[in-house]
Amino acid sequence: MIGGIRVEGYVGQAHGFIDALQGRVIFVIVAGSTRTSTIPGISVAGPNPEATMLTPILDVEYLLAGKPITLNVVPVTPEGLPTPAVITRALVYRLGLPVLVVDAGCSSPPRVPHVALPSRRMGGRIDVEPALPRGVAKQLYMEARLLGATLAHGHDALVVGETIPGGTTVAAAVLEALGYRALGRVSSSSVQNPHGLRGQVVRAALARLSGSEDVFGVVEAVGDPVHVSLAGLAAGAVEAGAKVVLAGGTQMVSVLAILKAVEPKVLDQVAIATTPWIIRDKSSDISGLVHDVAPAVPVIAADFSLSGSKYPGLRTYEEGYVKEGVGAGGSLVLAAVRGMNIEEMVTAIEEEYERIMSLAGAERDRDRS
């Protein structure tokens, strides 16, 4: 434990990242969709499978504007639990940090200011079709790389999160295709991790591989637009002199694997920041996965809990619901290294939760009138 921060793996590397996070930081969220999320049972990042295609758009609209714009509804799970963007918005804005949204392949453009990668496009349903057209993965990587280099100027660190329902399934497919054992080890936004269903989807996707694909060919066959874009952002930022903290759960290990295959030296300046719920999740293994792919990359999490929250909807995070997303783990780590204690973080999150719940109530009242 380092000042309220728990480090898994290579502890020695973590100090440099913690120092950088106390400096000039920009918070980046890469958004995109994969039709893989519409497979029933794969993702609960929406009230139903088809709604998961809109979740990234609503997430980033809410994160920037304080409410979704495309639809007047905050993204929720089937149980009614709100997006982890509640945590991110509460803490990042409390800290006064700049936030940038990058569209790598949303189903439609978010209705907030953002950067759109020129080659952006949704990912396909990997069990029955390619994820991306040939040539697109490398284009996304290079476009994101240029953006990362641009953003790094004037910043000590980029904290880079994601919103892509179904992302852990495609991450498992990419990792397996690159030679790592990932099935049964990636996390889920559901309490019941769908390892069996995920395995069926991944094995069907892998069956389409010829075995001659390079890393970009693997992404085009069984990946998605977001992870390869995250890798490009990291590579560009590191080249320009910034450290990169990947704010997310086990799907960020696929980003490490892509970097290891393309520009392995970048990994010396990359860490993962995740939530304590991912670290404690017995149905997944982020520490083991990182050790297998890039053992020198530290995994950092804040010493944090919502068990004392006055709201049942927030306390359910402690029961294994949602766990991570939209950079929640990165925002918790940022808050901790910048001096916020657990009580202050919980208060900030509760105040934001109250605001969106009152907003939802006002919308329901308006609908009835």
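The values are calculated or read from the model by the stated rules, or taken from the named source; none is laboratory data. Only a predicted model underlies this, so the values are computations on that prediction, with no experimental measurement involved. Cβ atoms come from the backbone with ideal geometry, glycine included; neighbour counts cover every protein chain shown. The area values use the complete protein model at the heavy-atom level, side chains included, leaving out ligands, DNA and RNA. Shrake-Rupley method; radii C 1.70, N 1.55, O 1.52, S 1.80 Å.
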*Could you sort Lys243, Lys265 by accessible area so the largest value comes first, with the probe set to 1.4 Å?*
Lys265, Lys243
*Interchain or long-range residues, amide H under 5 Å from Ala273's placed H*: Leu246, Ala247, Gly248, Ile300
_Spacing of the two label points (7 Å from each Cα toward its C-beta) at Leu197 and Asp19, in nm_ = 4.6
*asked:* Explain nothing, just compute: Karplus ³J(HN,Hα) = 6.51 cos²θ - 1.76 cosθ + 1.60, θ = phi - 60°, for every residue of the stretch 15-28 in order, whole Hz, x for Gly and Pro.
replied: 4, x, 6, 5, 4, 5, 5, 8, x, 8, 10, 10, 9, 10
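Over the chain, give the accessible area per residue in Å² for a 1.4 Å probe, as an integer.
Heavy-atom SASA per residue in the chain reads 36 Å².
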*asked:* Quick one: 3J(HN,Hα) in Hz for the stretch 209-215, Karplus 6.51/-1.76/1.60 with θ = phi - 60°, rounded, Gly and Pro as x.
replied: 6, 8, x, 9, 6, 7, 4
*Treat each spin label as a single point 7 Å out from the Cα along the C-beta direction, and report the Glu50 to Lys265 distance in nm.*
5.0
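When the accessible area of the chain is computed with all protein chains present and a 1.4 Å probe, what percentage of it is carbon and sulfur?
52
Size of the dipole of the stretch 5-361 about the Cα centre, Lys and Arg at +1 and Asp and Glu at -1 on the beta carbon, nothing else charged, in debye to 20?
Values: 28 positive and 33 negative charges, 75 e Å.
Taking the Cα centre of the stretch 5-361 as origin, the dipole is about 360 debye.
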*Taking amide H positions as placed in the peptide plane 1.01 Å from N, state which residues far from Ile42 in sequence (5 or more) or on other chains have amide H under 5 Å from it.*
none
*For log10 I(q)/I(0) by the Debye sum over Cα atoms at q = 0.09 Å⁻¹, which listed value, (1) -0.48; (2) -0.42; (3) -0.55, comes from the coordinates shown?*
(2)
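Ordering His15, His227, His291, His195 by accessible area with a probe of 1.4 Å, largest first, what comes out? If you can, show how the numbers build up before the last one.
On the way: His15 95, His227 5, His291 120, His195 55 Å².
Sorted descending by solvent-accessible area, the residues read His291, His15, His195, His227.
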*asked:* Give me, ordered by chain and number, the residues 5 or more places off Leu100 or on other chains with an amide H under 5 Å from its own placed amide H.
replied: Phe27, Val28, Ile29
*Tell me, what ³J(HN,Hα) does each residue in the stretch 122-130 have, in order and in whole Hz, if you take phi through Karplus 6.51 cos²θ - 1.76 cosθ + 1.60 with θ = phi - 60° and put x for Gly and Pro?*
5, x, x, 7, 5, 6, 10, 7, x
*Quick one: of the DSSP bridges fully inside the stretch 5-361, what percent are antiparallel, nearest 5?*
15
*Where the centre of each part is set by its Cα atoms, how far does the stretch 290-315 sit from the stretch 237-255, in angstrom?*
16
*Order the following by accessible area, largest value first: Arg111, Arg315. Probe radius 1.4 Å; ligands, DNA and RNA are ignored.*
Arg111, Arg315
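In the stretch 261-369, what GluC sites (Glu not before Pro) fall in a loop by DSSP, with at most 10 other Cβ atoms inside 10 Å? If you can, show how the numbers build up before the last one.
Details: sites: Glu318, Glu319, Glu324, Glu343, Glu344, Glu350, Glu351, Glu352, Glu354, Glu363; in loops: Glu324.
Taking the stretch 261-369 and a limit of 10 other Cβ atoms within 10 Å, no loop GluC sites (Glu not before Pro) are found.
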